[in-house]
Amino acid sequence: MALKMHASLAVNVGGWLKTEIVEPVGVSVTALAEHFGVSRQALSALLNGNASLSADMAIRFEKAFGVAADTLLRMQTAYDLAQAREHESQIKVEKFAKAA
């Protein structure tokens, strides 16, 4: 039986990056987007919880701030799964039975 993480433990990685990495450094979204070579809109959407973290963006944060990209991606996956679990009962799929 798989362990289920309580949804309250899942953290939006964009919001976490904003409060724990970007804001303490004091860099603007515009300046950081330029440094990363991405649009300000894309970075803003991530930091405000309106977009998911991509592997490329995780590597950018790893290179710039030293936070492991795989850790960030695990946070994103945990958050996505917690969000999906909230409406799990609406996903109507039966267990697959092998053909005899």
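Please count how many residues of the stretch 49-100 are modelled with pLDDT of 95 or more, among the basic types (Lys, Arg) and in a loop (DSSP other than H, G, I, E, B).
So the count comes out to 0.
Look at Leu46 and say whether it is surrounded by 14 or more Cβ atoms within 10 Å (Cβ to Cβ), in contact with a Gly (Cβ under 7 Å, 6 or more places away or on another chain) and in a helix (DSSP H, G or I).
For Leu46, the condition - surrounded by 14 or more Cβ atoms within 10 Å (Cβ to Cβ), in contact with a Gly (Cβ under 7 Å, 6 or more places away or on another chain) and in a helix (DSSP H, G or I) - is met.
Applying the selection to the stretch 56-100, what residues are among the charged types (D, E, K, R), within 18 Å of Asn12 (Cα to Cα) and loosely packed, with under 14 Cβ neighbours inside 10 Å?
Pass one, the stretch 56-100, residues among the charged types (D, E, K, R): 56, 60, 62-63, 70, 74, 80, 85-86, 88, 92, 94-95, 98.
Now narrow it down to the ones that are within 18 Å of Asn12 (Cα to Cα): 56, 60, 62, 70, 74, 80, 85-86.
Asp56, Asp70, Arg74, Glu86 - these are the residues of the stretch 56-100 that are among the charged types (D, E, K, R), within 18 Å of Asn12 (Cα to Cα) and loosely packed, with under 14 Cβ neighbours inside 10 Å.
The values are calculated or read from the model by the stated rules, or taken from the named source; none is laboratory data. Note that this is a predicted model, so its numbers are computed, not measured. Using ideal geometry, Cβ is built from the backbone for each residue, glycine included, and neighbour counts are taken over all protein chains shown.
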